[in-house]
Each structure stands twice: as structure tokens, then as C-alpha cells.
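This report concerns only the one structure given below.
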Amino acid sequence: MSDRSTRLLLLASVFVIATCGLIYELIAGTLASYLLGDSVTQFSTIIGVYLFAMGVGSWLSRFVGANEALIFVRVQLLIGVLGGCSAAVLFVLFAHVASFRVLLYGLIGLVGTLVGLEIPLLLRILKDRLEFKDLVAQVFTFDYIGALLASLLFPLVLVPGLGLVRSAFLFGALNVAVGWMTLRVLRLHGPPARMLEGTAAVLLLLLAAGFAAGGRILEWSERSAFEAPVIHARSTPYQRIVLTRHGDDLRLHLNGNLQFSARDEYRYHEALVHPGLARMPEARRVLVLGGGDGLAVREVLRHAHVDSVMLVDLDPEMTRLFSTQALLTDLNAGALTSPRVRIANADAFAWLGTNTQRFDFVVVDFPDPSNFSLGKLFTTTFYERLRTALAPGGAVVVQATSPLVARRAFWCVDATLRRCGFQTEPYHVYVPSFGEWGFILASLEPLPELSALPAGLKFLTVEGARDLFRFPPDMDRVPTEVNRLNNQVLVRYFEEEWGRYAP
Amino acid sequence: MWRGRTRRQFLAGSAGAAALAGAGLFGVSRKRRITGRIVGSDAAVGHRIRDGGLPAPDRQERVPVVIVGGGIAGLAAAHALRSRGVEGFVVLEMAAQPGGNSVSGANAVSAFPWGAHYLPLPGPEAGDVSRLLRELGVILGDDARGLPVFREDFLVQDPVERLFLHGRWQEGLVPNLGLGPEERGSLDAFFHRMAGFKERRGSDGRPAFAIPLDASSTDPELRALDRVPFADWLRLEGFTGESLRWYVDYCCRDDYGMASDRVSAWAGIHYFAARRGEAANAPSHAVLTWPEGNGWLVHRVREPLGDRVRSGLAVFRVQQEGATLSVEAYDVQARRSMAFLAERVVMATPRFIADRLLERNPKARRDTVYAPWLVANLTLESLPEGRGAPVSWDNVWQGSPSLGYIVANHQSLHPVPRSTVLTYYLPLDATDPVTARRVALERSWDSWRDQILDDFRIPHPGLSDQVLTLDVMVWGHGMVSPAPGSLWNPERPESAQPQGRVHFAHSDLSGISIFEEAWTHGIRAGREVADLLNPA
Ligand SMILES: Cc1cc2nc3c(=O)[nH]c(=O)nc-3n(C[C@H](O)[C@H](O)[C@H](O)COP(=O)(O)OP(=O)(O)OC[C@H]3O[C@@H](n4cnc5c(N)ncnc54)[C@H](O)[C@@H]3O)c2cc1C
């Protein structure tokens, strides 16, 4: 190969490198604003860290000795894998690592450092083939053109066409290809060069596989990460709280599981509270267990006869968030700051153990019994404790998962409440974002008929509320065991039934 | 869409991946110093009792009844005295707190046992135990069928047991994964046979195997089983196979501190056939447990006894002087001795200590075998999960000399997983008890720590990074072991008979060491004394 074409190819690689370098930065910035919200902060910190890391890389290049060509190839391959997999890794791990930022900035720093090494090394490789002034001029020209190309490609072609995950894999492959080409163009031989050639081939295959599976990776990670932009994310000692918003659809996820969607939560919460509470016109004291979002409390407060609401939620961060953030207090109508409401941040089991007050109505709105710890909140022991907090004539309503998906689980909650001496009236409601959902109204004495509902409801009517208590055959009662601490059958039913539904 | 469904396994997997990625990217590897020590009464006081040289008493106190030993049996004797209106007694306990083998500890994370950690549902013969459980509110009442209703937060919570086998956890302790038809057949046949023993009644109408064991049938055919080692009996009966052998040895070591070749067949079968308790709200094989193990029972029984329980007093001599018994005790804190002058004494110490204190000649008896034990409590940042079945109360793995660990805060009702205390049990039966005891008492904390963490590496390779503290306790004379021939011989019942003004209570008198035996003997001895003091 002539010296001229060698030069040209190497300069072309500057172009590719520059494009790739900027693409990784853009991907990280987009991903961070997408997952963490607040895009101004995300973009500026990502760019800052990336540029700084590039500076570190450039400085480090002075420690590279005479074998700069081989090092350059290694750097290419490394950038190829790290950058190429960056989007997939960040997406997949987002919902599951304790501090996402460490991972994010660590990865960005690493890629930036490696990218910073590239140009100085290339300059050194080319220095004997070009005049210094030409060298500098040409390298930086290609570098900036590459940057321009990247910044245009990214929003116009890559994000809409390929998506972040696949774009990253594609550019990773380009980096590896540059490495491989360099080996060829510079006619590098010997065992290390052969090793590198083999590695490059393997990496190319890997990245191609990643590219092919990109759609599935995203689909899979989006089930745990989120479809809509994240506007708030925070890990507390108890859970990971994530709020997303897409247009008017505000959603709360706890540990990656949807808790409500602002579009249809009124169906859930109206159905949770009113079919029971509206039948107790005398009820004055209400207890809400779980439900730190204040949405059940909002419905409770519609009843003017209720003069005090006690909310017990484990996580102080939840109740703080839902009593201070404007978007959220709009949603719960400022329920948590109402003078009628008191909040205790405690574990409901323990709280009931020391509680001496009696309540006329109790709303039990815990997460589904998806593990043995949560399953305890649905046992005879728990309901026995709950009974002690009930005033004479009082009633309880319990969210009890989907009777359609987890039929035995739902009826197991019913059987457990009955075993504890409650009379039960199970009912269900359709909530689009959840599906068919079930509740159990339980009392020690029969409740009067429903005759009126508070004003301002969007979903429930007196007629409609009566219909909720009818179960079609595919959700109707099935015999189950009673859920106890020493058998935890509910968790077993639940896992089996939801497992079949969403493997 | 679903509400609140978690992907437990997935989470565990990706947390692992993230850790790996983190470690790989940044080269981080956490190494923390684990703190800990050897806790418990040092053997030194025991040796001084044996070798003499404790100061002579410089004070005296008169009290109608002295109970020597504040273990389960001693506390039971005190309990029986009080319930019969006798208030004039003291319980002298050598250790810093009462409880003996059922003693417990606590830290910021959880209470935990140092020895006994559970109690099976009491069967029809264990009336004294059932009465206690009713008094303490563990049994709340009876249902329509007359079955006792237990407090459900004291019944061991599900999941109860898991076994690490072929690289993953299975539910239950009976090996199940990857068994051939022959092994499975052998296990089935064995359990069928044990179920037969459980049902069986002797010609005297008594159950073949009962708790307390003195309520068992006297049929010679059954009692003859005591003369054969359990392992021999199994072989003779054709119960073979690796899995069965492992499981049976696990059970024997769990209850008796020694494997099936060193315990009598009667005792071995007793473990499987004597638990005939029933409950309205639990299956018959359920057990009762608390974070502090049977320490919960100790605390509840001890509470009403108030300052009549004197801890830190080691009795070193019991002498009869006319109608008065002089009980001499060394105050471990004050380093001086005092004498209690009593009308009656209940010896609620292990038998070898009672012999020594009474200056009896023990040579007439067969030597009792005591199994030494090591118990460790490890405080961890989080629960150790692993592949397969979820963390259970009792977690066991094959290929280990230990019996695995129980999760002390398993009974906690707290909904979010967090730090935990694991109680690790290791019967020291690799050599003969005398050697094992001597070696164990000489070992340093460091060497125990290394051995224990090594053992944990089988099921939990990364566990040592999670450990915050690791404390160990060595039980030199952990529990009496039912060696072949030790249960059904003429001497054993005799040793429970009062001698003059001295009465006897301890699980050693039964030859097997379980709560029910200790409690029943204590109640019996307390009644003997109460009946003599107020012959109403
Ligand atoms: C590791 C281990 C695990 C166990 N697990 C279980 C279990 O899960 N369930 C179960 O039912 N049983 C278990 N046991 C059996 C346990 O031994 C009995 O449950 C019961 O605690 C025995 O009580 P005891 O009163 O008969 O004897 P001890 O507990 O031996 O009581 C004797 C007491 O006398 C004191 N003493 C001794 N000498 C003197 C002296 N000179 N002066 C003053 N005091 C003295 C001792 O300090 C001790 O407190 C376990 C035992 C061990 C060692």
C-alpha cells in the first residue's frame, strides 16, 4: 500500500473515531436525562466529565512508549466494547443498582479517558508521514467534521431509526473496525498483533450479536426501566421510588413496579375507599395503612363526617414527596397536608402492635404479596392485630391483587379474613393500567346498604358500586387454604399465578 | 401491568452482575475487618470447682430451698415451687445470666440464641410443657375439636428449611434433588417405618416413643432398641443409601450432638417418632421459635422470680450438717464465697457436676457422654440468598461438619429485608468428646473465624464480605448424648430419686437433652419439695 493511501486511511479513522467519541457522549447524556430527568444538569455534567476524562487520557498518552501503534489498536478495541455496550448496560442496570450515578460517571470517565488517548497516539503514528503543520491541520479538521456528522446523525437518524442501544453497538463495531484496519494498514505483525486481530474478530461478533438483540434488550430492560421519561428517582432504605411522566400521564413505580398511573388511578382509589366508607355515615376515624401517595387519603377526605385520618407508611421519603412536590400534591389534592390527617412513618405490623386507638374504617393498601416479607402483611396474625384496632361496628378494606390473574391468591385473602372472624364482601374493578383488580371489604357486623356517595367522583355511582360485587365465573370464588405465617400459601399462589401470566 | 410484583431472582442476579461490573471496572474489592470474640462463661471457674482452692465462705444466708443451677430444669423447679405457694427459695446460677443451654444474646440487629432455639409442639404426654405454654400465652385456648390454638407469630414461619445440594438450594432438608429410584425408595421406606413407630402403642397402652421419654412404653422389645447403635439398626433393617444416611446423621447430630453410630437406636427412632403434638392452626411437625430461641422461654419464666435468681454464683460444695444443708457458692464478681443454709436443695446441674458438689462417688455409674458444641452468631448486612429456594429459618448444606445456620430474625414481622443474625451450629464430634473438648477450649477466635467462614463458602461464596461481627461460644459439655445402653438401664430412673434432703432435676436424668425433659424434671423436683414443705 502506498504511503499516500496509508495516510488517507489513517485520517479517515480520525473521522470515524471523532464521530464515535461524540456519539457515546450523546448517548450517555440522553440516557441520563431519560432515566434521571433534568436534562440540563445531566447533559452538562456528562459533557464536563467526558471532556475532563479526555484531558486525562491525553495526558496519560505521554506514558505510552514506542509501541504506540499496538496501544492505539488496544484502545480502539476497548472503546469499542465499552462504548458499544454502554447503552445496554446502563439501561439494564438502571433499575437495580444502588447508585446509578457511580456506574454512569464511571463508564463515561473510562470511555472519555480512552477517547482522549486516541488523537495524541494517532498524531504520533502519523508524525513521520506528514509535515507537522499539515498533520495538525488535517487531524483536527477531520476531528471536527466527525463531530458535526455525529451531532447531526444522532438526533435525525440514530435515535429515531436505531434507538440508543443499537446505535451504541453500531459505533462500538466501527471503533473495533478502525482498530482492525490499523493493524492491516500499518502491517503490524508478530504474536501481539495476531492476538489483537483475533480479539477484534470476537468483539465484532459480540457487538453484532448485541446489535441484533438490541430490540429485545431494550424491551426487556424497559420492563424494569420505564417507557416514559423519569422525572424523579430516588433510592430510600426501603425502596426505589421512580416517577415518570409522559404528557399528562404521571406514574409512580416502586422498585420498578407500577403503583399508579394518573390517567386511571381515580378508578382504583375511588373503588378502594367508597364502597366501604360510604356505607358508614357515622365513621369518624379512619386509618390508612400503606398508600404513602395520599391518593386513598384524598378519597377518604371527601367524606365530611371523617374528622381524623391516620396514615401509616413505612417510607418517610414517600410521604414527604407526596406532601411537598407540586405535581404530586395536585394529584392528591394536598391530602397529606390536610389538618385532618396525621402521618406515622412506621412498619404497619409494629405500629399496630403498639397502637391503642380504635378506628371506624381501615384502608389496607399494601403492595402485592410477591415475597415472604410482604406476605406477612396478609396473614391471620396481621388481621388479628388489625381487629384490635377496629372500633365496634368498624370495617376494613384490603387491596387483594387481581382476581382474574391470581384467582386463588385473591380468594385466599378472603378466606384468611373470614378465618379471623370477619364477614367479607369481595369486589373488583377494572383499572386499565392494572387490569381487573380486587378488593375485600371486611367487617365484624353487617354493613348497611350503600345509598349515597360523596360528590365529585369520576367513576363510581351508587348503581355502579353495587355491580362491583358481582363476580363472573372466571373470577369467582375458589376454595383455598388460609394464609398463615407458618405456611405463607398466599405467596405461593401469587407467584404461581402471576408467574404463569407474566413469565 | 401488575402492581407490586417483584422479580426476586432477577434482582439478585442483576445485583450480582452490577457488583461484578463494579469490581471489574474499578478494581474495587471490599475487605472489612470482622470483629468478634469468644463469649460465655470461661471454663476456668468450672475447673476451680473441680480442683478446689476457692475461698471459704465468709457470709451465711438462711433460705428454705436452694436450687443449684439456673438452666431450664432449675427455673422449672422454681416455677413449680411458686405455683404451690412456696416463695422461700433462691436459684444459684454460675453464669452471668440464667438459662444454661438455652441462654441467648442480643445486639442492635436481633436477639439470637446461643444454644436451644426451638420447641416442638408439645404432645399429649408433655402436660407440664403445655401448661407452661398456656400460662405464657403461647397457647391461646382450644378450638372446637379440643386442639390447642397457638400464637401464630411464635410458630416457625414459612419458609422453614432448605438444603444446599448440587450447587443450589432445595426446599426442605430431606435430600430430593437428583435422587435415583433406589435412594428415594429407601427414604420412603424409612419414613414409612418411622410413621409406624409414631402410631405404635406398647402392650401397656403407652405410646412406643413419647416425650418426656419416661412416658414411653416399657415393652422389652422396644427398649431392647436402646442397646444397639442406630447405625447398626439401620443397616440391619436395610435402610441404606447415601441420602438417607446423611439425613439420619444430620438429625442425630442436631438433637444429640453425635452421628447415628454413636447414639442408641431407641434414641434415634425417638427423634422421628416421639413428636406427636397437634395444633388447631399448624401441622403436627410445626415448631415454636423466637429470635432468641428458647431464651424467650427463659426470660418469661425468670421474670416473676425476681431477685431470687442469683447469677454469677458458682456452687462448689453441698454438705449436710444435721437437718441443714450448707450450699457453698463462690461469687465470681466479688471473688468471695458465701454459704446458704437450707432445708432442701434441688440439684439442677448436669449430673457430673452434681456428683462432684455432693462429693458422691461416681464410679458406680456408667460414664455419661457429653457432646461438645460450638455455636457462632454472625451479624450480616443482608440476608444471604443464593440460587434456588429462598432463605429459610433453617439452612443446611452437605459436605460440611456443621448443621448450617438458622436465621435468628426469621420470625421478625418487618416487611423489608435488612441486616440479619445467623446462628451457626457445629457439633464437635469429629473425634472423641474428651479430645474434642480439650482442643476446642484451646482454640483461638481467629482460627474459629477462619473455619466458620470457610464452611460458609460452600453455599455462600461471597458471604465473608457481608459479615460485620462473628462471636463464638464453646459448649465443653454441651449436651448429654444417648449412647447405646444409656437410656433403659436400672440406674437412670434411680438417679432422679431424692437422696435425703437433696432432690434432682436436669435433662441429664432423661439421658437426652431437650427442653421438655429438663422442664418436666424441674417441675417434678419442685413439686417433691413443695409437698414436703407444706404437707397440706
Ligand atoms: C448447642 C445446643 C443446642 C440445643 N438446641 C436445643 C433445641 O433447639 N431445643 C431443645 O429443646 N433443646 C436444645 N438443646 C438442649 C438443651 O440442653 C435443653 O433444651 C435445656 O436447655 C437443658 O436444660 P437443663 O436445665 O437440663 O440443663 P443446663 O442447661 O445444663 O442447665 C444447668 C445450669 O446449671 C448451671 N450450673 C452448672 N454448674 C453450676 C454450679 N456449680 N453452680 C451454679 N450453677 C451451675 C449451668 O450454668 C446451667 O445454667 C440444645 C443444647 C445445646 C448445647
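Data overview
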{"read-out": "Cα-derived Rg over Rh, computed across segment B:46-189 with Rh taken as Kirkwood radius", "value": "1.11"}
{"read-out": "Residue order, fewest to most surrounding Cβ atoms within 10 angstrom, among B:K198, A:K376, A:K127", "value": "A:K127, B:K198, A:K376"}
{"read-out": "Note, ³J(HN,Hα) from phi for segment A:358-366, Karplus 6.51, -1.76, 1.60, rounded to Hz, x at Gly and Pro", "value": "10, 10, 7, 9, 10, 9, 10, 10, 8"}
{"read-out": "Charged-residue dipole, Cβ positions (Lys, Arg, Asp, Glu), chain B about Cα centre, Debye nearest 20", "value": "860 debye"}
{"read-out": "Förster-model FRET efficiency, 25 Å R0, B:E278 and B:D188, C-beta, rounded to 0.05", "value": "0.55"}
{"read-out": "Span from the segment B:472-536 Cα centroid across to the segment B:395-428 one, whole angstrom", "value": "31 Å"}
{"read-out": "Point-charge dipole on Cβ atoms (K/R +1, D/E -1) for segment A:3-221, about Cα centre, debye to 20", "value": "400 debye"}
{"read-out": "Rounded Å value of the spacing that divides the Cα centres of segment A:147-211 and segment A:321-354", "value": "52 Å"}
{"read-out": "Dipole magnitude of segment A:132-266, debye to nearest 20 (Cβ charges: Lys/Arg +1, Asp/Glu -1, about Cα centre)", "value": "420 debye"}
{"read-out": "Rg/Rh ratio calculated on Cα atoms of segment A:3-221 (Kirkwood radius)", "value": "0.97"}
{"read-out": "Mean Cα-pair separation over length for segment A:266-499, i.e. relative contact order, pairs under 8 Å, 6 or more apart, %", "value": "23 percent"}
{"read-out": "Sequence-distant residues sharing a close amide H with B:A280 (under 5 Å, placed H)", "value": "B:V149, B:F150"}
{"read-out": "Among A:Q357, A:F439, A:Q76 - extreme Cα towards positive end, dipole of chain A, charges at beta-carbon", "value": "A:Q76"}
{"read-out": "Shape box of segment A:266-499 [Cα atoms, principal axes, largest first, Å]", "value": "43, 39, 36"}
{"read-out": "Charge-dipole axis of the protein assembly as shown as Lys and Arg at +1 and Asp and Glu at -1 on Cβ define it, positive-most pick from B:V391, B:V318, A:H253", "value": "A:H253"}
{"read-out": "For B:L468, residues with placed amide H under 5 Å, excluding near neighbours", "value": "B:T379, B:L380, B:E381"}
{"read-out": "Projected-area average for segment B:48-121 over all orientations - Cα convex hull basis, square nanometres", "value": "8.2 nm²"}
{"read-out": "Value of relative contact order over chain A, rounded to a whole percent, pairs C-alpha under 8 Å and six or more apart", "value": "12 percent"}
{"read-out": "Dimensions in Å of segment B:419-479 - Rg and Dmax from alpha carbons", "value": "12.8, 37"}
{"read-out": "Least to most buried among B:S217, B:S264 (fewest other Cβ within 10 Å first)", "value": "B:S217, B:S264"}
{"read-out": "Spacing of the two label points (7 Å from each Cα toward its C-beta) at A:V136 and B:V439, in nm", "value": "7.6 nm"}
{"read-out": "With 10 Å bins from 0: P(r) over chain B, alpha-carbon pairs, percent", "value": "3, 17, 28, 27, 16, 6, 2, 0, 0"}
{"read-out": "Convex hull of the protein assembly as shown built on C-alpha atoms - directionally averaged projected area, nm²", "value": "52.3 nm²"}
{"read-out": "Selection from B:G295, B:A274, B:L177, by position along the positive dipole direction of segment B:158-312 (Cβ)", "value": "B:G295"}
{"read-out": "Amide H within-cut-off set for A:L311, under 5 Å, with H built and near neighbours excluded", "value": "A:V288, A:R342, A:I343, A:A344"}
{"read-out": "Square roots of five times the Cα gyration tensor eigenvalues for chain A, Å", "value": "61, 22, 18"}
{"read-out": "Segment B:347-456, relative contact order [Cα under 8 Å, separation at least 6], %", "value": "27 percent"}
{"read-out": "Other protein chain Cβ atoms within 10 Å, averaged over every residue that makes up B:151-162", "value": "5"}
{"read-out": "Whole-Hz couplings from phi, Karplus 6.51/-1.76/1.60, listed for segment B:85-102; x for Gly and Pro", "value": "x, 8, 10, x, 8, 10, 10, 9, 10, 5, 6, 5, 9, x, x, x, 5, 9"}
{"read-out": "Principal axes of segment A:427-503: Cα extent on each, largest first, Å", "value": "42, 33, 23"}
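Read the figures in this text as sums done on the coordinates, not as results from a lab. For clarity, every value in this text was computed on a predicted model and none was experimentally measured. Note that we place each Cβ from the backbone using ideal geometry, even for glycine, and neighbour counts take in every protein chain shown.
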